[in-house]
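For reference, the structure is listed below as structure tokens.
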Amino acid sequence: MVYQVSCHRCGNNQQAPLDVHDDWEEISCTECGEFLDTVGNWKDAHSPSYALQMLNMSRTLTLQMAREGQPMNDQWGSRRATA
């Protein structure tokens, strides 16, 4: 696969092939030669965050449970009036 990588020094947009076998291979700008990143670091930065996905799923479940009804601990009918 080929991905777009932009140079922070000269602003050049280039295609960087990331199907290499070594994660430590460098991605450098073709115009100015500036070191941009390594293949492994770029892949890690653009991979999905499973912690964030689990956080979103738990938030969705919490909101769904709140819409379904009252929580089990809130029993409004069992309160006694005191004199």
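Take the residues in the stretch 38-83 that are hydroxyl-bearing (Ser, Thr, Tyr), in a loop (DSSP other than H, G, I, E, B) and closer than 25 Å to Trp24 by Cα, then tell me which one is modelled with the lowest pLDDT. The residue in question is Ser47. For first residues located in the stretch 17-29 and touching a residue at least 24 places away in the same chain (Cβ under 8 Å), partners that are loosely packed, with under 10 Cβ neighbours inside 10 Å and part of a loop (DSSP other than H, G, I, E, B) and lie 6+ apart or on another chain with Cβ distances below 8 Å form the pairs Leu18/Met1.
The values are calculated or read from the model by the stated rules, or taken from the named source; none is laboratory data. Bear in mind the structure is a predicted one, so any value in this text is a computation, not a measurement. We place every Cβ from the backbone using ideal geometry, glycine too, and count neighbours over all the protein chains shown.
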